Amino acid sequence: MSVSLPPRLAAVWQRLPFRAMLLVVLFLFIVKERYPFSNFPMYSNVDEEADILYVTDQADAALPMDAVFRTGSGTAKKMYKKELSTISKSAGRKLETATPEDRAAAGRAVMATIVERIRPKAMPASVSQLRLYRKTFRLEDGGLAHLEPERLAELPVPTP
Amino acid sequence: MSDSANTINRPSWQPGPFDWSALEMLLMRAGFAALVFYTIKWETGAWTTQKFPNGIAHFLDLTWIGQSPPGLGLKALTLGGLALYVAGWLPTLGLLPALFFSIVIGTLGNSQGAINHSTQMVTMMLLAQFLVYLIPRGPGVEKPADHWTRPGLTAQQQAIWWSTVVIAASYVVCGVVKLTNSNFMWLYDAPYLAVQLLKTNWSHYHDTLEMPPAWLQTVTQTLVDHPNLARLFFGAGLLVELLGFVVLINRRWALAGGLAIIALHLSISQVMSLNFLTHIFATLIFLVNVPGWLMARRPP
């Protein structure tokens, strides 16, 4: 079975530069993020502010997230944004106007997910509490400011 | 080194498959098979839910693969299929297990609330090759039965060609999206990326507890102090992405474009601790194609 285009459309198609690639670019641009397809939007929206998520113990000493939680800081941050977006949307708010309670709820949801992934052998024996923090960096007055970290969630280390 | 008659007779803006030799393509397939197997995130145990479904997870429950990660038997089946593909026998059937696990595992991984972009390009290349082997099409391609059992040189060149098309399209769309998502202000706003540099390096610190090198702080501050330098630095990367289509023109452009893409990834890796090894290896295999250049230098 073969599909043939109307003659005028076929002529335009024949003249298009890099047409196979253009077709794929157009397809990816429209489809966006539907695995395995992607429009690769990383760092397409740049802002004067950026934040990270990290986990500490009860004394605020950082824990190596890859080794302990099988989830990196970047992945945790993306999960947090997704949770926050869902929570604030259901409360009729925009992501930018999320309240501290919304942020804490999103933090608890992220914490609940990543503690499921704990590698007990990688968890230092001295750790009894886990705290999830959000730290923001901002470009202001010609310098890079590190804002005070915000504690989003805290819970005891689950027993295996 | 020459390009195929097919390519030579076309204008550079309407390129087609290069004159890859059978041996060259055998080596490409071997490299790609290894890359595909490495790219599949076989350790699926952490993904027991799909709270934020993506792709086919919107209508299929894929959590079974998180609850029962593929064992040695299924990995061996995938490797066996990839071996068939490398040998050029029954490639449609051979690629099927790898394609299945790439899509199912990749989709489940991306349904956890965080989209990761390290595997999409390789999976799309795999899908493109699968479709070329599945659907016999174009002049010089054998009858379906022969095409499916042992595709000839033309079909193999098409499979490689569509892989390079996927690479080119991935970079071009990435550049286009930077422009459209920022209302075409991306280059102007590029100095803000210094904040992203700081973010990714602290993010990497919290992943590993390894402090970023001291020079990175200097680089970040320099980009803040000199916005036009930041525009030049990040603008060069944007240009590499937007001009990604040149790798389709001929072998020389593929080499030059491929090296530029690798340089882009290595610099991102250095300053942002973001490693796109799968993209680097795909580029090395299909665009830089060292064996192809070495074969061309060999005396007849």
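The values are calculated or read from the model by the stated rules, or taken from the named source; none is laboratory data. This is a predicted model, so every value here is computed, not measured. No Cβ is skipped: glycine too gets one built from the backbone with ideal geometry, and neighbour counts run over all protein chains shown. In case anyone asks, the SASA skips ligands and DNA or RNA and just uses the protein heavy atoms, side chains included. Shrake-Rupley method; radii C 1.70, N 1.55, O 1.52, S 1.80 Å.
The helices (runs of 4 or more DSSP H) falling completely within region A:11-97 that include 1 or more residues that are at the interface with another protein chain (Cβ under 8 Å from one of its Cβ atoms), open to solvent by 10 Å² or more (accessible area, probe 1.4 Å) and among the hydroxyl-bearing types (Ser, Thr, Tyr) map to A:73-90.
For region B:187-216, the set of residues classified as open to solvent by 30 Å² or more (accessible area, probe 1.4 Å) and more than 7 Å from every other protein chain (Cβ to nearest Cβ) consists of B:Leu187, B:Tyr188, B:His204, B:Tyr205, B:Glu210, B:Met211, B:Pro212, B:Pro213, B:Ala214, B:Trp215, listed by residue number. Select from region A:98-118 the residues that are free of Cβ contacts under 8 Å to residues at least 40 places away in the same chain and in a loop (DSSP other than H, G, I, E, B) and write down the one among them that is most open to solvent (accessible area, probe 1.4 Å). Checked region A:98-118; the qualifying residue most open to solvent (accessible area, probe 1.4 Å) is A:Glu116. When A:Ala105 is tested against the conditions (1) at pLDDT 95 or above; (2) under 23 Å from B:Asn201 (Cα atoms), the lone failure is (2). State all residues of region B:119-173 that are in contact with a Pro (Cβ under 7 Å, 6 or more places away or on another chain), modelled with pLDDT under 95 and more than 24 Å from B:Asp19 (Cβ to Cβ); if no residue qualifies, say none. The answer is B:Pro144, and nothing else. Look at (1) touching a Lys or Arg at 6+ places or on another chain (Cβ under 8 Å); (2) open to solvent by 10 Å² or more (accessible area, probe 1.4 Å) and you find that B:Phe184 fails only one, number (1). From the list B:Val173, B:Val166, B:Val177, the lone residue that is in contact (Cβ under 8 Å) with a residue 12 or more places away in the chain, in a helix (DSSP H, G or I), among the β-branched types (Val, Ile, Thr) and open to solvent by less than 40 Å² (accessible area, probe 1.4 Å) is B:Val166. Would you mind telling me which numbered condition in (1) of a type outside the set (A, V, I, L, M); (2) modelled with pLDDT under 90; (3) open to solvent by 50 Å² or more (accessible area, probe 1.4 Å) B:Thr220 fails? Exception for B:Thr220: condition (3). Pairs meeting the criteria (first residue in region A:119-139 and closer than 19 Å to A:Arg70 by Cβ, second residue surrounded by fewer than 12 Cβ atoms within 10 Å (Cβ to Cβ), beta carbons under 6 Å, at least 6 apart or on different chains) are A:Pro120/A:Pro160.
Which condition does B:Ile249 not pass, out of (1) under 23 Å from A:Met21 (Cα atoms); (2) of a type in the set (A, V, I, L, M); (3) in contact with a helix residue (DSSP H, G or I) (Cβ under 8 Å, 6 or more places away or on another chain), if it passes all the others? Among (1) under 23 Å from A:Met21 (Cα atoms); (2) of a type in the set (A, V, I, L, M); (3) in contact with a helix residue (DSSP H, G or I) (Cβ under 8 Å, 6 or more places away or on another chain), B:Ile249 violates only (3). Say we look at region B:105-135 and pick out the residues that are assigned to a loop (DSSP other than H, G, I, E, B) and hydrophobic (A, V, I, L, M, F, W, C); which of these is least open to solvent (accessible area, probe 1.4 Å)? Selected residue: B:Ala114.
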